[in-house]
Amino acid sequence: MASSSVRALRAVGGRCLLQRTNASPSAASCHGGARRGLGHAESTLVHAESTGSVVQVSNQKHWTAFMYGRERQLLVHVVNSVEEGDTDGVLQSMDDFWGHHFGMKGADSWSVRKGLLDNTMKSKRPERCLELGTYCGYSALRIAQSLPEHGKLVSIEVDPLFGAIATKIIEYAGLRDKVKVLTGTVDTKLRRIQEVLARPGEDLDAVRLNFVLCDHSKDRFVPDLELLENAKLVGPGTIVMGDTTLYPGEDASGGGPNLLSHFAANDKFRIQQHIGTDKSSGITVCEWQHVV
């Protein structure tokens, strides 16, 4: 094993630089011990391209291309392949990109989800919608293009980078007046959701969601729905759609209360549709109902 190890990565004068330490990694360093030992290591700077692990960053190859990976590539692909304002074209471009990137894995489940989301939006015609988990904005676009004239969608994304990319894609698709992307989590954005969705002169505490799409960390589906209920943002008449399918590129480590079981065990929910997509996974649509 080499006697030096990479300590930091940064850009200087248009080049990638690695800071290398002369400390030898040990078995303990693999479990966090390296952080304690770095203080005694002699450090030097080397050009990253000389190690063969990182290419040189020039005027043509921006630093962000290295840092941001496939999500940035998606944005570039959309902008380069579709006319601005063409919502359907943007959606098709995103489909093409992910289909190529993942070799069409998960395409069948994704087609089922698209159809179910579109049908739900067209049949229910919700005006005030919330999406939990924006990622790059694909589902936000599908929801927004089906909103009535005065409809609005708030989409919450915990990752600032994904939120920024989604905002740009939504803007490029011509739907920025229909969608507001918020960076954060449900518990930190409850009041902001009310502010964005409130009509002129409306009491914020009177704001009610007509539709919620759970598309974020699966272990947060039930807890975040409970937060929304406690804040009186959801209740009788609210439609909830949750997708527990594990798509390519998603983390399989998350766990939490099963969404379908949660709905089935509670009298205040009426399950309208459930489509199994893979083993115990599936897409569920339910409606809050009055309990007497």
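The values are calculated or read from the model by the stated rules, or taken from the named source; none is laboratory data. Model, not experiment: these values are computed from the prediction. No Cβ is skipped: glycine too gets one built from the backbone with ideal geometry, and neighbour counts run over all protein chains shown. The accessibility values were calculated without ligands, DNA or RNA, using every heavy atom of the protein model including side chains. Shrake-Rupley method; radii C 1.70, N 1.55, O 1.52, S 1.80 Å.
Using the basic label-point model (7 angstrom from Cα toward the beta carbon), what is the GLN272 to ASP203 distance in nanometres?
2.8
Mind computing the radius of gyration and Dmax over the alpha-carbon atoms of segment 130-270? Å is fine for both.
14.8, 44
Note down the nm distance, to one decimal, between modelled labels 7 Å out along Cα→Cβ at VAL76 and at GLU226.
For VAL76 paired with GLU226, the spin-label model returns 4.4 nm.
As a test of understanding, state the convex hull volume per residue of segment 157-199 from its alpha carbons, in Å³.
Taking the convex hull of the Cα positions in segment 157-199, it is 51 Å³ per residue.
Under a 1.4 angstrom probe, counting protein chains only, how are GLU171, GLU83 ranked by accessible area, largest first?
I get GLU83, GLU171, largest accessible area first.
Order THR167, THR120 by their accessible area, 1.4 angstrom probe, all chains in place, largest first.
Reading off the accessible areas and sorting them downward yields THR167, THR120.
A 20 angstrom limit on the alpha carbon distance is what I want to check against. Which of LYS122/LYS168; LYS168/LYS218; LYS124/LYS152; LYS122/LYS152; LYS152/LYS189 exceed it?
Violating the 20 Å limit, Cα to Cα: LYS122/LYS168; LYS168/LYS218.
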